[in-house]
Amino acid sequence: MKKIVAIVLAGLFLTITACESVKNTNKTQRGAAIGVVAGSVIGGILGNNLGKGGNTAMGAVIGGVVGGTVGGVIGNKMDKQARKIDEVLPGAEVNRVGEGIVLVLGENSVRFEVNKSTLTPIAKENLDKLIPVFNEYADTDIKIYGYTDSTGKADYNLKLSEQRAASVKAYLVGKGIVAARIVTQGMGINDPIDTNETPEGRAKNRRVEFTITANQKMVKDAEKEAQGQ
């Protein structure tokens, strides 16, 4: 997948920079143009590929690429945030993707019992470790995806996954995270990260994932910083 993305971006760069209208723009403007087209194309590729058992959260982050120098500035900030998350919650899976972060809180971080959306004491304890990081990097948007294992009916699991994501949001908001920063989405049985044929695998699939991306303020600040370079 990394090779596909790299090739697409390279081709887009050559195509866009060859356009006469782009030649007359500055570096930041060219980066923004590349980002818009790249986001559309890569998002489509990932929608076709990741939707077939792939990771929806990861596709969403790459599909929202800004690109260019501005994207590099945002990426550096995300690098720092990812390292902090990894430090405070080493049991989580922290993936730096494009200009964002995909964070998987599985059985070792946020556990859900079978047929439950209630946060366990361990889940709350681990979310408490994330809250200072989320507050430190306040210029980010957070999307929470809820998942289930494959047992039970699909429509019921979809509703249960929505409730799991909502439980995490409610807890974070109750601890002071601004509600407007957070949106939730239930994914049901989609995108399993392990087999549903064993109890251990099903436990891993009963999870939440976060995508962390730049909000408009971070993008504007990055544009100013890029112009000053």
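Observations on the model:
- Enumeration of residues in region 63-81 that are surrounded by fewer than 22 Cβ atoms within 10 Å (Cβ to Cβ), modelled with pLDDT of 90 or more and within 15 Å of the chain's Cα centre (by Cα): G75, K77, D79, Q81
- Residues that are out of contact with any Ser or Thr (no Cβ under 9 Å at 6 or more places or on another chain), among the charged types (D, E, K, R) and touching a residue at least 12 places away in the same chain (Cβ under 8 Å) within region 130-154 comprise E136, D139, D149, listed in sequence order.
- Residue that is nearest to V88 (Cα to Cα) [pool: residues in region 128-150 that are in a loop (DSSP other than H, G, I, E, B) and out of contact with any helix residue (DSSP H, G or I) (no Cβ under 7 Å at 6 or more places or on another chain)]: A138
- Evaluation of T140 against (1) under 15 Å from the mean Cα position of the chain (by Cα); (2) at pLDDT below 90; (3) within 16 Å of V173 (Cβ to Cβ) (one fails), failing number: (2)
- Listed by first and then second residue, the pairs with beta-carbon distance under 6 Å, at least 6 apart or on different chains, first residue in region 62-73 and farther than 17 Å from D141 by Cβ and hydroxyl-bearing (S, T, Y), second modelled with pLDDT under 75 and open to solvent by 40 Å² or more (accessible area, probe 1.4 Å), are T69/K27.
- Meets criteria (assigned to a helix (DSSP H, G or I), among the small types (G, A, S) and more than 16 Å from the chain's Cα centre (by Cα)) for A123: yes
- Residue check, A138 within 16 Å of I101 (Cβ to Cβ) and open to solvent by 30 Å² or more (accessible area, probe 1.4 Å): yes
- Candidates in region 195-209 are the residues that are within 22 Å of the chain's Cα centre (by Cα) and assigned to a loop (DSSP other than H, G, I, E, B); of these, the one that is surrounded by the fewest Cβ atoms within 10 Å (Cβ to Cβ) is R206.
Yes or no, residue by residue, for (1) of a type in the set (K, R); (2) closer than 16 Å to I85 by Cα; (3) open to solvent by less than 10 Å² (accessible area, probe 1.4 Å):
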site	(1), (2), (3)
T118	no, no, no
I144	no, yes, yes
V178	no, no, no
R181	yes, no, no
G188	no, no, yes
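- Of the residues making up region 153-176, those that are assigned to a loop (DSSP other than H, G, I, E, B) and open to solvent by less than 60 Å² (accessible area, probe 1.4 Å) number 1.
- All told, V114 falls short of being out of contact with any Lys or Arg (no Cβ under 8 Å at 6 or more places or on another chain) and open to solvent by 20 Å² or more (accessible area, probe 1.4 Å).
- Among (1) open to solvent by 70 Å² or more (accessible area, probe 1.4 Å); (2) among the polar types (S, T, N, Q); (3) assigned to a strand (DSSP E or B), the one test that N95 misses: (1)
The values are calculated or read from the model by the stated rules, or taken from the named source; none is laboratory data. For clarity, every value in this text was computed on a predicted model and none was experimentally measured. We place every Cβ from the backbone using ideal geometry, glycine too, and count neighbours over all the protein chains shown. Each accessible area value is taken on the protein alone, full model and side chains, heavy atoms only, with ligands, DNA and RNA left out. Shrake-Rupley method; radii C 1.70, N 1.55, O 1.52, S 1.80 Å.
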